[in-house]
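Only one structure is covered here, and it is reproduced in the block below.
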């Protein structure tokens with residue numbers, strides 16, 4: 001999907017974001033205490049980025065939550081679960097890990113690609129806290145305004161194998 005990008009006075013255009021989901025085997029995900037370790041030679045994630053899991057059975061608390069990468073090497077990355085929270089079970093299923101983009105406090109105009117959605121947490125949950133609730137604010141292949149006051153949790157998430165989104169931040 002190609003969309004003409006024209007900066008408007010009073011806005012700062014953010015670069016188009018594009019992400020591809022990474023498939024990992026169930027044996028590549030290990031939970032030990034407050035640490036989740038994912039082994040994959042093609043993950044491409046870096047420290048500080050946010051990710052989400054889907055397709056996990058056995059440890060379903062991993063699914064659809066926003067997690068921050070704590071450490072990353074060329075063949076693995078780790079996530080530290082927030083104190084007071086836990087994820088249990090043995091991961092199984094067809095596991096997909098994908099990057100999530102969290103938008104900070106501001107006003108944004110967002111145009112989503114075919115496989116990207118904008119979600120919000122009505123409980124204002126922060127990353128790394130299991131059992132967050134996420135609802136769709138802007139559906140795939142749509143556009144709209146997102147107002148973030150710095151309290152709410154908003155994310156751009158791929159809803160499929162890969163997705164592209166563009167957003168302009170009003171300044």
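No lab work stands behind these numbers, since they all come straight from the coordinates. Note that this is a predicted model, so its numbers are computed, not measured. Don't worry about glycine lacking a Cβ; one is built from the backbone with ideal geometry, like all the others, and counts go over all protein chains shown.
Among DSSP beta bridges lying fully in the stretch 25-94, give the percent that are antiparallel, nearest 5. Working shown, then result.
Numbers: 16 of 17 bridges.
Antiparallel: roughly 95 percent of the beta bridges in the stretch 25-94.
Simple spin-label model, 7 Å along Cα-to-Cβ: residue 109 to residue 80 in nm?
4.0
What distance in nm separates the two pseudo spin-label positions at residue 27 and residue 142, each 7 Å out from Cα along the beta-carbon direction?
Inter-label distance under the simple model: 4.2 nm.
Provide the packing ranking of 45-56, 77-88, i.e. peptides ordered by the mean count of other C-beta atoms within 10 Å per residue, highest first. Write down the numbers at each step before the final one.
Working: 45-56: 18.0, 77-88: 15.6.
Ranked from most to least packed, the peptides come out as 45-56, 77-88.
What number, in percent, do you get for the relative contact order of the stretch 21-62 if the mean sequence gap of Cα pairs under 8 Å and at least 6 apart is divided by its residue count?
27
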